[in-house]
1. All but one of (1) under 16 Å from T91 (Cβ atoms); (2) touching a residue at least 60 places away in the same chain (Cβ under 8 Å) hold for V124; which doesn't?
2. Just the residues that are assigned to a loop (DSSP other than H, G, I, E, B) and either among the aromatic types (F, W, Y) or touching a helix residue (DSSP H, G or I) at 6+ places or on another chain (Cβ under 8 Å) (or both), please, taken from segment 162-190.
3. Being assigned to a helix (DSSP H, G or I) and modelled with pLDDT under 85 is the requirement here; does S39 meet it?
4. Restricting segment 180-211 to residues that are buried (at least 18 other Cβ atoms within 10 Å of the Cβ) and charged (D, E, K, R), which is modelled with the lowest pLDDT?
5. Please give the number of the condition T217 fails out of (1) more than 22 Å from A129 (Cα to Cα); (2) modelled with pLDDT of 90 or more; (3) in a helix (DSSP H, G or I).
6. Let me confirm something: among A292, A296, A278, A285, which residue is modelled with pLDDT under 80, exposed (fewer than 15 other Cβ atoms within 10 Å of the Cβ), closer than 23 Å to L169 by Cα and not aromatic (F, W, Y)?
7. Only one of these is touching a helix residue (DSSP H, G or I) at 6+ places or on another chain (Cβ under 8 Å), farther than 23 Å from A212 by Cβ and outside any loop (DSSP other than H, G, I, E, B): V132, V124, V136, V89. Name it.
8. Of the residues L236, L211, only one is closer than 19 Å to T100 by Cβ and assigned to a helix (DSSP H, G or I); which?
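The values are calculated or read from the model by the stated rules, or taken from the named source; none is laboratory data. Keep in mind it's a predicted model, so treat the numbers as computed, not measured. Cβ: placed from backbone, ideal geometry, glycine included. Neighbour counts: every protein chain shown.
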Amino acid sequence: MRIVTWLLVIAGLVLVGVGVAAAIGQASSGAQPWGNELSDNFTFVKALPFVLGFGVAVGLLMARTYGAKVRSDGAVRRWSPGTVFGHWVLTLGFVLALPTGMWQYLGGILDVNLPIPLYLFYRVHYIGASIVLFAVAAFVSYLSMTGDRSLLVPRGEWGRHLLGLAYELPPSLRGRYAKLLRIDLRQPRPPAGKFTFYEKVVEFPSWSIVLALITITGLIKAGRYVVPVPGFVLWLASTLHVAAMVIIVIKLLDHLRYTFPRWSLMGAITTTWMKERAPAVGHGAGERGSSAAGIAGGGDT
């Protein structure tokens, strides 16, 4: 099975190389009088099926690293090597795609021009978007293979999780939150388990929604170069795509706020191992925290 997985990954990589080379060759052949920006558009959209397919193949390989492990010194494997790989690939995609994508809109709104050709912003944005789409496809494949549901609220347990979230909120917000959702704070605080209630109720659902939104709207925007897209649909997709970028920036800032005080989590998303529980900071005691990869692709200890 391992050999088959590696063969699929290698075949996917070869197909990506061939597909991208063919798209670039056609765009730069001179057969069409395209500018740099339009050529990049066609190269990006034609390479997408290969990028997504390669992501699915790599997700199968990532799934091979899934499973709980404990070292002799008592450290536990917080994340699988596949999850860590996907986390940093997704981070790289965000680093490239978010600033360039935001500038495409802010530059026009502010009427400011940088001494850099605009098509280069698009080119870097497309590269970053391709990396994000690859990571998303890999995580979807990874979750399908492993069946990991550790960041989902189990059926019938939303009441317990909403109650637990109340106790993880700052005291200044706890009362308002409880009143809004009619939560009885006289009930005892439930145990959080592997992940905190904040991660399962707030972070994972919001990350899932915003990643799905930016992926779908991005595919619609790219697809207009190969299939007709009604004007209203394109406008709506463009508007939601920008909104998704803004939400991702907010989510990243919130994620850094949540993770940096729990420094052991930063080490875990690099080495996969964590020796002790993260200290109580912010939302509640005994929290073990999460990472962008865990939010996007599920946890695995």
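1. (2)
2. L169, I183, D184, L185, Q187, R189, P190
3. On the way: assigned to a helix (DSSP H, G or I): yes; modelled with pLDDT under 85: yes.
Yes; evaluated as a whole, the condition is true for this residue.
4. Among residues in segment 180-211 that are buried (at least 18 other Cβ atoms within 10 Å of the Cβ) and charged (D, E, K, R), the one modelled with the lowest pLDDT is E199.
5. T217 satisfies every listed condition except (1).
6. Working: A292 fails: exposed (fewer than 15 other Cβ atoms within 10 Å of the Cβ); A296 fails: exposed (fewer than 15 other Cβ atoms within 10 Å of the Cβ); A278 fails: exposed (fewer than 15 other Cβ atoms within 10 Å of the Cβ).
Checking each option against the conditions leaves just A285.
7. On the way: V132 fails: farther than 23 Å from A212 by Cβ; V136 fails: farther than 23 Å from A212 by Cβ; V89 fails: farther than 23 Å from A212 by Cβ.
So the residue among V132, V124, V136, V89 that is touching a helix residue (DSSP H, G or I) at 6+ places or on another chain (Cβ under 8 Å), farther than 23 Å from A212 by Cβ and outside any loop (DSSP other than H, G, I, E, B) is V124.
8. Only one candidate passes the filter, namely L211.
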